[in-house]
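Scroll down for the structure; my scribbles are underneath it.
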Amino acid sequence: MISKGCGEGDGEGTRPYVQQAPAAYGKPPPGLRRRMYDVIFEADTPAGRRFDIALVAAIMASILVVVLDSVPRLHRDHADLLGACEWGFTLLFTAEYLARLMCVRRPWLYIEEYTRLGEALAASRRKILVFLSVVLMAILILGTVMYVVEGPKNGYTSIPVAMYWATVTMTTSRACAACAACGSAGHEADARFCKDCGAALPARTGHSGKI
């Protein structure tokens with residue numbers, strides 16, 4: 001839906017106004033909800049642009065916090081801070097979602113938008129099942145070949161165990177270890193000490209047949 005913005009006309013300095021929210025949601029009457037609607041849904045307004053930029057920045061910051069929290073050294077030294085940040089972003093995004101529901105006249109239609117992904121997956125379930133069946137069949141064939149060729153003496157004690165190692169082989173390029181002391185990763189498969197800080201790396205076992 002395209003209409004003219006403030007100061008309607010075709011003169012220089014004006015540009016088409018694009019409504020960001022579907023009209024079906026319902027624009028509320030003038031008041032607090034209308035001002036919230038303009039900020040949250042109308043990206044062509046200065047306040048709307050600032051809101052969108054702040055929201056994207058918050059999303060990127062939340063992803064960064066999760067990534068940093070996965071680093072063992074940072075998690076060990078700053079677990080409380082990172083945990084507080086994760087909870088803070090969770091509450092922030094919850095409040096943002098509730099604000100979206102509060103400022104439209106028909107919030108149930110907005111909620112239904114998020115159910116369409118499930119409907120799309122349900123409509124494609126046959127294709128998804130075919131794809132998963134092909135992947136599982138490939139893993140079964142590779143696991144059986146590994147069991148027959150390598151055998152129990154090399155750790156492939158059964159076809160399920162061989163299927164596990166077939167999956168690992170298909171999804172990883174090489175075995176790497178991360179240093180618990182400094183968090184450095186990318187060590188050689190047979191490395192015993194960290195290449196950056198010299199600390200002992202965690203012991204790794206071969207194909208022992210244990211999953």
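The values are calculated or read from the model by the stated rules, or taken from the named source; none is laboratory data. Note that the structure is predicted; figures quoted are calculated from it, not measured. Note that each Cβ is placed from the backbone with ideal geometry, even for glycine, and that neighbours are counted across all protein chains shown.
Using the structure shown, decide if VAL134 is farther than 30 Å from MET36 by Cβ, out of contact with any Phe, Trp or Tyr (no Cβ under 7 Å at 6 or more places or on another chain) and in the same structural domain as TYR37 (by TED's automatic domain parsing). Considered against the rule, which asks whether it is farther than 30 Å from MET36 by Cβ, out of contact with any Phe, Trp or Tyr (no Cβ under 7 Å at 6 or more places or on another chain) and in the same structural domain as TYR37 (by TED's automatic domain parsing), VAL134 comes out as no.
Cβ-Cβ distances below 7 Å connect the following pairs, each with a first residue in the stretch 37-52 that is hydroxyl-bearing (Ser, Thr, Tyr), a second residue that is modelled with pLDDT under 85 and surrounded by fewer than 19 Cβ atoms within 10 Å (Cβ to Cβ), and a separation of six or more residues or different chains: TYR37/LYS27; TYR37/PRO28. Just one of the listed residues (MET137, MET163) is of a type in the set (A, V, I, L, M), modelled with pLDDT of 70 or more and touching a Leu at 6+ places or on another chain (Cβ under 7 Å), namely MET163. The test for being within 17 Å of VAL71 (Cα to Cα), modelled with pLDDT of 80 or more and not assigned by TED's automatic domain parsing to the domain that holds ARG73 holds for CYS197. Entry remark, the stretch 85-102: residues being exposed (fewer than 12 other Cβ atoms within 10 Å of the Cβ) and among the small types (Gly, Ala, Ser) number 1 in total.
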